[in-house]
Amino acid sequence: MWIPYPLISLVTRLPLTLQGSCPLTIRTRTFEAASLLFGSEREAIDVFDSVKELTVATSVTQLYAFYYVPNPPYTANNGWSLYSVREEFGRMGVGSRTKAWRFTDINKDYSFSPTYPARLVVPTRISDTTLQYAVKYRSKARLPVLTYLHWANYGSITRSSQPMVGLTSNRSIQDEKLIEAIFQTHWSPESRAANIPVYGATCTNLIIDARPTTNAMANTAKGAGTENMDHYKDAKKAYLGIDHIHVMRESLARVVEALREAEVTPATPGAGDDYTLDSMVAPVLDKQALRRSGWLKHISAIMEGSLLIVRNVHVNSSHVLIHCSDGWDRTAQLSSLSLLCLDPFYRTLRGFQILVEKEWVSFGHKFLDRCGHLSSEKFFSAPVENIGTGGGAEAAQAFLASVQNRFASQNHLKETSPVFHQWLECVRQVQRQFPERFEFNERFLRQLHYHLYSCQFGTFLFNTERERRVGDSGLPPCERTVSVWDHFNSAPEASLNLNPDYDPSLDDPSNRVPKTDMGVLMPDPKDVRFWNELYGRTDEEMN
């Protein structure tokens, strides 16, 4: 059984049992557990210490991706260049189907917006000078830019961070002009004078604030906040009430806790017993505890928000601007799930990879901080003192009283959250509801979750495009590490991830007649289930 060190989340060493064996339990971030029994305490301590030593990394370059050389070499080797901004937005019709949007290289050296991609797409009417002013009004300089232009109309999805409104109710004329221009991209610049709409529809332009209303308002005290809609004409505001990263972290922790409670554990040995397979008992998974975790409720909220966006773009032919606080967690979840439903291309293997590169990797989801690759969440617990006489109950006591060595500040720990994992679970819900509409299978999503934490590839190791493409010294990381997509696109992996039920004819443009869904999926946010395969359980156990 192979366990890459970065996958280890908890190592527990229990005291010597009455019968003289010393148990060590290793738990992983892919929800597996392995128990090892040692004949002597010295051996157990030795293994415990060496695993601890090898698991804890203090710099990114110590991670496996920087040493990994595939052997034999992968047949695919274009993973790092798979996503091209010009190609992808060109595919949507930027510069051809509509002249209302343009590319800008204002961020080519990442000094304009350090956490944004180098190349951005903005309304043609807005000059780079206007952008230089507008950018100051958005948290972390993440101003509204295009992320999707709908194939069926000129509806768009843009994304940003929160505005810096503050207690003094600041406003920015440039920000207002930028958003007004975004919401008027149905008009082509040539026809502005004649005021003839290129495409007519009941416009319900939306600014989506992913946060609960109270959280959005509370941010004004920190100098940020949410848009005052008096200044944003022809648009409505919607709050989605999706909780922040700390709530999500706690929620998944409760799911993990419920799974742990139901692990196959050695029964409390009697006088003559020892830990044998016969004494293993598997308790039943507590479904109430799973429900109390709130995990499915959160998944449902993200799906509900995405459905609102999909409807507004596809049915109302309108525009949506999405933001949360910083625009790299909830915003990424909502935009990428909406794109997956709106455009069949993103449901192909290649399209899905481009979607992840675009919405998550290039737009600056903080993979390094959220995944805690640098040991922030790796716990090693050993008994406070040797309880030589202890049975199972005392061993449990010892664990509860154990010393937890954490190799990072509490602050570092607070940045971790299963944001990308949670989005994969949302994708799984849609895939389960529409089994014939995805070129890839459930295994592909599960493998992606595995490699989110395995640190074998460079794709999910950094917080920003700049860190990957420029680096701090020497060769950039994208030249020193392998892309995860080269792994997925090479044999034998490529064939293992195909969905046998996939029917591309359902999404074929020539078949897009009104009576069908026209290639746009409208998932049911109430139909959510635990992704049991991910947790290594049966559907009956979890749902």
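The values are calculated or read from the model by the stated rules, or taken from the named source; none is laboratory data. Predicted model only: the values in this text are computed from it and were never measured. Positions of Cβ are backbone-derived with ideal geometry, glycine not excepted, and every protein chain shown enters the neighbour counts. Surface areas here come from the heavy atoms of the whole protein model, side chains and all, with no ligands, DNA or RNA. Shrake-Rupley method; radii C 1.70, N 1.55, O 1.52, S 1.80 Å.
With θ taken as phi - 60° and the Karplus curve 6.51 cos²θ - 1.76 cosθ + 1.60 applied, the whole-hertz 3J(HN,Hα) list for region 347-364 is 9, 8, 4, 5, x, 5, 5, 5, 4, 5, 4, 6, 6, 10, 6, 7, 7, x Hz, x standing for glycine and proline.
Could you tell me what percent of the DSSP beta bridges with both partners in the chain are antiparallel, to the nearest 5? Taking every DSSP beta bridge with both residues in the chain, the antiparallel ones total about 60 percent. Between Met522 and His231, the simple spin-label model (points 7 angstrom out along Cα→Cβ) gives 3.6 nm.
Working note: 222 nm ellipticity from helices only, DSSP H runs with n ≥ 4, each -39,500 (n - 2.57), summed and divided by the residues of the chain, gives -9500 deg cm²/dmol to the nearest 500.
Which whole-number value in Å² is the accessible area per residue of the chain, probe 1.4 Å? Computed with neighbouring chains in place, this is 42 Å² per residue. For a straight C-alpha distance cut-off of 13 angstrom, the aspartates and glutamates reachable from Lys140 (same-chain residues fewer than eight places away being disregarded) are Asp326.
Phi angles across region 209-217 convert, under the Karplus curve 6.51 cos²θ - 1.76 cosθ + 1.60 with θ = phi - 60°, into 3J(HN,Hα) values of 9, 5, 7, x, 3, 4, 5, 4, 5 Hz, Gly and Pro given as x. Based on the Kirkwood approach, the hydrodynamic radius assigned to the chain is 25.2 Å, with every pair of different Cα atoms included. Taking amide H as placed 1.01 Å from N in the peptide plane, the amide H of Phe38 sits under 5 Å from that of Cys22, Leu24, each at least 5 places away or on another chain. Pairs of Cα atoms in region 50-184 fall into 5 Å distance bins, from 0 up to the last occupied one, in shares of 2, 8, 15, 16, 14, 11, 9, 8, 8, 5, 3, 1, 0 percent. Distant-in-sequence amide contacts of Trp101, defined by a placed amide H-H separation under 5 Å and a gap of 5 or more residues or a different chain, comprise Gly95, Thr124.
Residue-wise HN-Hα couplings along region 456-470, as the Karplus relation 6.51 cos²θ - 1.76 cosθ + 1.60 with θ = phi - 60° gives them from phi, are 7, 10, x, 4, 9, 9, 10, 8, 9, 4, 4, 4, 6, 8, 10 Hz; Gly and Pro carry x. When the C-alpha to C-alpha distance is required to be over 28 Å, the pairs from Lys237/Lys414; Lys52/Lys287; Lys237/Lys297; Lys233/Lys526 that qualify are Lys237/Lys414; Lys52/Lys287; Lys233/Lys526. Close amide H contacts of Thr147 (hydrogens built in the peptide plane, cut-off under 5 Å, sequence separation of 5 or more or a different chain): Ile157, Thr158, Arg159. When each of the peptides 108-118, 342-352 is scored by the mean number of other C-beta atoms lying within 10 Å of its residues, the order from highest to lowest reads 342-352, 108-118. Annotation: peptides 226-239, 318-331, 7-20, ranked by per-residue average of other Cβ atoms within 10 Å with the highest first, follow the order 318-331, 7-20, 226-239. Relative to one another, the C-alpha centroids of region 16-45 and region 145-174 are positioned 53 Å apart. For Lys99, the aspartates and glutamates whose Cα comes closer than 12 Å to its Cα, not counting residues fewer than 8 places off in the same chain, are Glu190. What's the carbon and sulfur percent of the chain's accessible surface, probe 1.4 angstrom, rounded to a whole number? Roughly 54 percent, rounded to a whole number. For region 46-129, the relative contact order is 18 percent, taking Cα pairs closer than 8 Å that sit 6 or more residues apart in sequence and dividing their mean separation by the residue count.
Among residues other than Lys358 with Cβ under 13 Å from its Cβ, the summed charge is -1 (Lys and Arg +1, Asp and Glu -1). Projecting the Cα atoms of Gly39, Thr28, Asn77 onto the charge dipole of region 21-82, computed from C-beta unit charges around the Cα centre, puts Asn77 farthest toward the positive end.
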